[in-house]
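Okay, so here's the structure we're looking at.
The values are calculated or read from the model by the stated rules, or taken from the named source; none is laboratory data. Since the structure is predicted, the reported quantities are computational estimates derived from the model, not experimental observations. When we count neighbours, we look across all protein chains shown, and the Cβ atoms used for this are built from the backbone with ideal geometry, even at glycine. With ligands, DNA and RNA removed, areas are computed over all heavy atoms of the protein, side chains included. Shrake-Rupley method; radii C 1.70, N 1.55, O 1.52, S 1.80 Å.
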Amino acid sequence: MKKTSKSLILFSMAMALLSVTMLSACKMNVTDNKFLTRPDVEIYGNSIVLHGSYVNSSTEYINVYRQDVTESKDSEIFRIGVIFPKGFNKENQTFSFYDENIYYGKKYRYYVRFVEKEGEKNRTDWSEEIQNTSDTLHTTADGSYGYSVGDGAYIYNPTTFTLTTTASFTPTSLIANYSTNYKPALIFKANDVTQAYEIEDLQSISLKELLPQSFYFADISLLGIVGQQKVYAEAKEGEEPELKYIIWTPLTAIKVKNSTGNELNTFRIEPQYGESGFDYSIDSDNEKTN
């Protein structure tokens, strides 16, 4: 075989390999190198299931986000749950998440965000678009998943730092059959922190007992209420079950008002403390020995 012919064959093989690699990359949705590999999605009964893996053993938790792209990719992105790696196989570092709060024929896509123990946060690319056409799924005409609040509102007391209401916030009919599994959770935001808190008594809430000190002396807003369900892994005999993931229903807004009925966009927790005394210590940093 001539040297020129041999070179042409090698070149053709290299180009073929490059084409296969490029096609594989397209299939894996590697569209932006700054994002991690997207999760896989599949239909299972009346659910859409996400499958993925995490490569960092220090991953603390994984947030799950969903977008309805039936009509537009500019629609709202919903927070639908949190995955906890401790509840899954620690050897192969894989996870699964079942999204049951979906509608017949709607087209969805998902991404997840990994949060490490050190606080670093990195998200994946969007999953492929997927729709479930099971005949037993609800349609949008059946109503919404989540909680109904009507005209109910909370009254904020700046002296006792409490939220109280006489309204009844109830799960909608779509999750009523699962009301024993879904518990109400209120969503509070202060600065760049947004957190969900499961609440037993929605009628009277002591904010000083509920919220951490990072919320003190900050403008706090109540975003609303969600249904929260905790899913646990099967436990071995004599062991406590590990929490696998949390499922959230869509958020329903709740207003906060003052005692005269005026709506409050934010409120504050400013407990009174005694003033600092005078320094009576004796140690100095530059006299410490190693």
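The number of residues in the range 91-111 that are farther than 22 Å from N46 by Cβ and open to solvent by 50 Å² or more (accessible area, probe 1.4 Å) comes to 3. The one condition from (1) among the aromatic types (F, W, Y); (2) touching a residue at least 60 places away in the same chain (Cβ under 8 Å); (3) farther than 17 Å from Q67 by Cβ that Y108 does not meet is (3). Of the residues N63, N46, the single one that is open to solvent by less than 30 Å² (accessible area, probe 1.4 Å) and not aliphatic (A, V, I, L, M) is N63. Residues that are out of contact with any His (no Cβ under 8 Å at 6 or more places or on another chain), open to solvent by 40 Å² or more (accessible area, probe 1.4 Å), on the phi < 0 side of the Ramachandran plot and among the polar types (S, T, N, Q): does the range 212-226 have at least one? Yes, the range 212-226 contains at least one residue that is out of contact with any His (no Cβ under 8 Å at 6 or more places or on another chain), open to solvent by 40 Å² or more (accessible area, probe 1.4 Å), on the phi < 0 side of the Ramachandran plot and among the polar types (S, T, N, Q).
The single residue among T133, T124 that is open to solvent by 70 Å² or more (accessible area, probe 1.4 Å) and in contact (Cβ under 8 Å) with a residue 24 or more places away in the chain turns out to be T133. Of the residues making up the range 175-204, just one is more than 18 Å from A253 (Cα to Cα) and either in contact with a Leu (Cβ under 7 Å, 6 or more places away or on another chain) or surrounded by 15 or more Cβ atoms within 10 Å (Cβ to Cβ) (or both), namely Y178.
In a strand (DSSP E or B) and of a type in the set (S, T, N, Q), is that true of S221? Here the answer is yes, as S221 does meet what is asked.
In the condition set (1) open to solvent by 40 Å² or more (accessible area, probe 1.4 Å); (2) at negative phi; (3) of a type in the set (G, A, S); (4) out of contact with any helix residue (DSSP H, G or I) (no Cβ under 9 Å at 6 or more places or on another chain), S57 is compliant with all but (4).
Among strands (runs of 3 or more DSSP E) entirely within the range 84-174, having at least 1 residues that are over 27 Å from L202 (Cβ atoms) singles out 94-99, 107-116, 121-123. Taking the stated definitions as given, is F161 touching a residue at least 24 places away in the same chain (Cβ under 8 Å) and either more than 27 Å from Y103 (Cβ to Cβ) or polar (S, T, N, Q) (or both)? So F161 passes the test. What residue, among those in the range 227-250 that are assigned to a strand (DSSP E or B) and hydroxyl-bearing (S, T, Y), is surrounded by the fewest Cβ atoms within 10 Å (Cβ to Cβ)? Here the answer is Y232. Look at D151 and say whether it is surrounded by fewer than 13 Cβ atoms within 10 Å (Cβ to Cβ), in contact with a Ser or Thr (Cβ under 6 Å, 6 or more places away or on another chain) and in contact (Cβ under 8 Å) with a residue 12 or more places away in the chain. No: the conditions fail for D151. Checked against the criterion of being surrounded by 12 or more Cβ atoms within 10 Å (Cβ to Cβ) and under 24 Å from N33 (Cα atoms), the candidates F114, F88, F84 yield just one match: F114.
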